[in-house]
1. Amide H neighbours of Cys39 under 5 Å, counting only residues 5+ apart in sequence or on other chains, H built in-plane at 1.01 Å?
2. Using DSSP to define loop residues, name the GluC sites (Glu not before Pro) in the range 62-149 whose beta-carbon has at most 13 other beta-carbon atoms within 10 Å.
3. Quick one: net charge around Gly50, please, counting Lys, Arg +1 and Asp, Glu -1 for every other residue with C-beta under 13 Å from its C-beta.
4. Return the subset of Lys45/Lys88; Lys79/Lys258; Lys59/Lys211; Lys59/Lys219; Lys188/Lys290; Lys159/Lys187 for which the Cα-Cα distance in this structure is over 26 Å, preserving the input order.
5. Length gain on complete extension for the stretch Asp246 to Gln127, per 0.36 nm per residue less the alpha carbon to alpha carbon distance?
6. Which of (i) 73, 69, 35; (ii) 86, 45, 38; (iii) 77, 71, 32 is the computed Cα extents along the principal axes in Å for the structure on display?
7. About its Cα centre, how strong a charge dipole does the chain have in debye, to the nearest 20, once Lys and Arg get +1 and Asp and Glu get -1 at the Cβ?
8. Hey, can you grab everything whose amide H is under 5 Å from the amide H of Ala137? Only 5+ residues off in sequence or another chain; H modelled, so Pro and N-termini drop out.
Amino acid sequence: MKSKKHLLIAMLVVLATTFNSCATAQSSNKKQKYKVAVCDWMILKRQKLGAFGLAAEIKADGIELDMGGLGNRPTFDSKLGDPVERQKFLDKSKETGVGISSIAMSGFYAQSFATREIMPMITDCIQTMKNMKVKVAYLPLGTQTDLVKNRELRPEVIKRLQWAGKEVGKIGGVIAIETSLDATEEKKLLDEVGSKYIKSSFNFANALDNKRDISSELKILGKKYVAQIHASNTDQFWLENDKAIDMPKIKQTLDEMKWSGWLIVERSRDVTQVHNVKANYGANVAYLKKIFQN
């Protein structure tokens, strides 16, 4: 009788310890100052439910979920406007514990934000943000809206961003833009837009391609201007092997800025195995977590 009692007590202790450990882990994850995500289109899972499982396998905290292709369509080729399909994504996110860092409008990498009719795309994206309870949208001002090469587009871009800021502000969200400008000029652009709902999606690769120091650029922009960070370089090396990036220094800079948010891996693939999704993104996620979450 005594031995059975001791066994029951031991089992209860084990269960309590396990529960507390799980609760602590979940609490710790929610309180992480920096979370690490991957772009669903870069892990070859654009708007696919499998993006969540793959992200969980490589231990990413989240995915940047794309609105889908654009091309010459009036708006994005998105499943997320369908309530049934959208719920599948939300359920899979909950099931895997993989969050959604932001909703991406990657179609604007190749399409012109300055000259196309943008109202349907922006409206669809904002509605998706609202329905999925995601606070940030990613908007790259790509090759056709390069404000360094096409300065004449600046007034129109500002006007359109002011409109987009008013729209996304209605749901308390933010549109994070990526430009080719340096930090000083990007800050000026954001000041001209004059909306707290339009911020920067800072990209390591843009700074490095133009021989600019990442930490210095982040300091110039400042905490309130940065909504999210694409924390990777162009393809060549994994982040841990990239001598152009001083990741501990970047973390120190962000700590000093008191910034917190999502670090999103877009590229930094090893060119000797560029198609090995698990190896490339697994390594980069692990390295970012080692630096930013330990």
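The values are calculated or read from the model by the stated rules, or taken from the named source; none is laboratory data. No experiment lies behind these values; they were computed from the predicted model shown. When we count neighbours, we look across all protein chains shown, and the Cβ atoms used for this are built from the backbone with ideal geometry, even at glycine. Ligands, DNA and RNA are excluded from the accessible area calculation, which covers all protein heavy atoms including side chains. Shrake-Rupley method; radii C 1.70, N 1.55, O 1.52, S 1.80 Å.
1. For Cys39, the qualifying residues are Glu64, Val265.
2. Listed in order of number, the matching sites are Glu117.
3. +3
4. Lys79/Lys258; Lys59/Lys211; Lys59/Lys219; Lys188/Lys290
5. Fully extending the segment from Asp246 to Gln127 adds 39.0 nm.
6. (ii)
7. Taking the Cα centre of the chain as origin, the dipole is about 1320 debye.
8. HN-HN under 5 Å from Ala137: Ile103, Val174, Ile175, Ala176.
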